[in-house]
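Presented below is the structure to which this report refers.
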């Protein structure tokens, strides 16, 4: 079989995204034989002792990383963030109530659309006026009183914006966050949230699993008339194993959690991510050739850095030549255009430097 | 890393279950680098060219294997069969209507419970009177007229029973089947069904993905007021990529489909499965020491073979000694007791022979 020395490229995909190579090596070994059981990770019963250890360790390491308080549950659910978009209002919103949503991009809009099937939605703020290129400042946040919950999207993959700090709804309003694209990329205070969820496929593991961290009393307040699979309490009661979960994703997330701990936990990860983002934004801010699409420094994402070339005609050759040079998936989303470098946890600072070197070379040839 | 020569055992798990070793080898290679892209299968965007090829080939091979007519769609959805238990009635059952269900075990009962949240359920037949140890004969099937659909579970993992042929509801009643534990284990005529679904983790691949084969007009008849993710038409319109799917499971199912084709397709697979089951049932039928729990030959599963030892006290040592001999996961479900050998597609005839040899040895020592 192919060995670990075969050529791997710099992968700036917005997700599914690059994973730590040490984790991939472990997965390749365990696919054949997990912990000398003679059975690979894909082939173990989700109710057997070997998988008990896998999921127990994954949860324990997750709790350790984010210092998750005891009154919060950690769930590994199928369906990704899009499934949470309707599962949250199905549980917590009713026709006679309203929920607060901050509208900062495509993912917020999708979440809002699903919530409207269950009750009313109050828009706390929106950056729709400038193609979602900024995060509305806290003094523009108009919360309602008595909202069922307040939902925001912490990082916007498409537009390259990110909340620097959590919004602060009234004290009795449960805060709900879609952290799909920046979870565990920086320090986090879980106690500020009632529910935080994230599709795994950017910072945590492969596609097909969402990490859900939920305060127990909030979970128990959810509707009891929903299908069994749509009630958070079902998955709490059964430890994410009411039905057969995505066992491989849970296994791999567990390996990524151990990798995060080895990087110094969230403080260590945050420091590296700040360095990576600063390198690239400094480059863009100091350039006459390239420019960043998010000009408000306080709104800039550390995860997805969107940029363009002043001479737009050079963008297509830039992307093509970058591909050829082993710098992949730099094409920006069609709603923004240009380029996007997604630099999640597993993207090394060397990959960012390789991109910058390529940018210099390209500018020299075309500037 | 561990090589392919490390010791693998005989894995009789009911699911997640053994996979073909050649497929595991391919997955180990492609986890690092898929098709010389320099990016592993887990790290490829679900909207990129490399994954386009993966999902297109998986669908094409699936269609080829089961000769799926053009007016059927092939979907790869998250949530497993348990998700389908409520998604089906959510789409096709309303408070003023009734659906027909055949009650042949734990999975049927779970599906019925979810359907009752949406409308009425008429029980076509039940084998509850004898702990689900048989499949009610066709002359005991009492269908209603005008049912929204008729649902059955083709194979029962827990009790080791299996329909030999599809039930035959009135011609205008759409037939819906949970084929989680016997899909693609034998020839199938898709045109008899309106919808057939199967969690992947027994005969098709890893946990975390359900294969759904649905007749287009039936899908389009579903409710339009459901959350986007719960409408079959959403996933049809977006080719199973409305949101990020379980890309690895789709990849691996694709590899298993190619393996099935290499075994001679469903006719070849069915012949081997018949041989495997016959070997084991013959052994049980001719024994004074062991006995099968399903005595009705026409109700016997080719996938899950449940058996006991006449001297019940010997069952625990049997399971322990089998484990030590590399014959794993033979413990029966607690609701039946004794032993269960799950012999899905990827279990070789050699594994079945190894089990029979062990049974002989154990009987000699204890008989």
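Taking each residue of A:206-214 in turn, how many C-beta atoms of other protein chains fall within 10 Å of its C-beta, and what is the average?
Counting other chains' Cβ atoms within 10 Å and averaging over A:206-214 gives 5.
Ordered shortest first, which distances in nm separate the 7 Å Cα→C-beta label point of residue A:363 from those of the other copies?
Nearest to farthest, the other copies are at 8.1 nm.
Mean-square fluctuation check for chain B, GNM, Cα pairs under 10 Å: which of B:81, B:325, B:346 is largest?
B:325
Assuming R0 = 41 Å, can you tell me the calculated FRET efficiency for the pair residue A:350 and residue B:325, based on Cβ-Cβ distance, to the nearest 0.05?
0.25
Can you tell me, using C-alpha contacts under 8 Å and at least 6 residues apart, the relative contact order of chain A as a whole percent?
The normalised contact order for chain A reaches 22 percent.
Taking Rh as the Kirkwood radius, which is the inverse of the mean 1/r over Cα pairs, what is the Rg/Rh value for chain A?
Over the Cα atoms of chain A, Rg/Rh equals 0.98.
Given N residues in region A:265-366, what is Rg(Cα) / (2.2 N^0.38 Å)?
Details: Rg = 13.1 Å, N = 102, 2.2 N^0.38 = 12.8 Å.
Taking N as the residue count of region A:265-366, the ratio is 1.03.
Put a point 7 Å out from Cα along the line to Cβ at residue A:129; what are the distances to that point in the other copies, in nm, shortest first?
7.3
Given the C-alpha atoms of the protein assembly as shown, compute the convex hull and give its volume per residue in Å³.
With only Cα atoms used, the protein assembly as shown gives 152 Å³ per residue.
Let me know the mean shielding of B:23-33 by other chains, meaning the per-residue number of their Cβ atoms within 10 Å of its Cβ. Each step should come with its number before you reach the end.
Numbers: counts 2, 7, 3, 1, 7, 10, 5, 3, 11, 12, 8.
Rounded to a whole number, the mean comes out at 6.
First check a/c for region B:1-82, with a ≥ b ≥ c the square roots of the eigenvalues of its C-alpha gyration tensor; if it is under 1.5, answer rounded, and if not, answer prolate when a/b is larger than b/c or oblate otherwise.
The shape class here is oblate.
Using only DSSP helix segments of four residues or longer, with each worth -39500 (n - 2.57), what per-residue ellipticity at 222 nm results for the protein assembly as shown after dividing by its residue count and rounding to 500? Could you put the intermediate results ahead of the total?
Details: 20 runs with 258 residues, N = 734.
Mean residue ellipticity at 222 nm (helix-derived): -11000 deg cm²/dmol.
Return the percentage of antiparallel bridges among DSSP beta bridges fully within chain B, rounded to the nearest 5 %.
55 percent
Where both residues lie in the protein assembly as shown, what percent of DSSP beta bridges are antiparallel, nearest 5? Numbers along the way, then the final one.
Numbers: 44 of 78 bridges.
Around 55 percent of the beta bridges assigned by DSSP in the protein assembly as shown are antiparallel ones.
Pick out which of B:156, B:36, B:67 has the largest mean-square fluctuation in a Gaussian network model of chain B, springs linking Cα atoms closer than 10 Å.
In this elastic network of chain B, the residue with the biggest mean-square fluctuation among B:156, B:36, B:67 is B:36.
Run through every distinct alpha carbon pair of region A:277-324 and return the Kirkwood hydrodynamic radius in angstroms, one decimal place.
11.5 Å
Quick one: with label points 7 Å out along Cα→Cβ, list the inter-copy distances for residue A:60 in nm, shortest first?
4.8
Identify which of B:147, B:313, B:341 has the largest mean-square fluctuation in a Gaussian network model of chain B, with springs joining Cα atoms closer than 10 Å.
Looking only at B:147, B:313, B:341, the largest GNM fluctuation is found for B:313.
Please list log₁₀ I(q)/I(0) at q = 0.12, 0.21 Å⁻¹ for region A:1-146, using the Debye equation with identical point scatterers on the alpha-carbon positions.
So the normalised log intensities are -0.83, -1.31.
Across peptide A:239-252, how many C-beta atoms of other chains are within 10 Å of each residue C-beta, on average?
5
Read the figures in this text as sums done on the coordinates, not as results from a lab. Note that the coordinates shown come from a computational prediction; the quantities given were computed from them, not determined experimentally. Note that we place each Cβ from the backbone using ideal geometry, even for glycine, and neighbour counts take in every protein chain shown.
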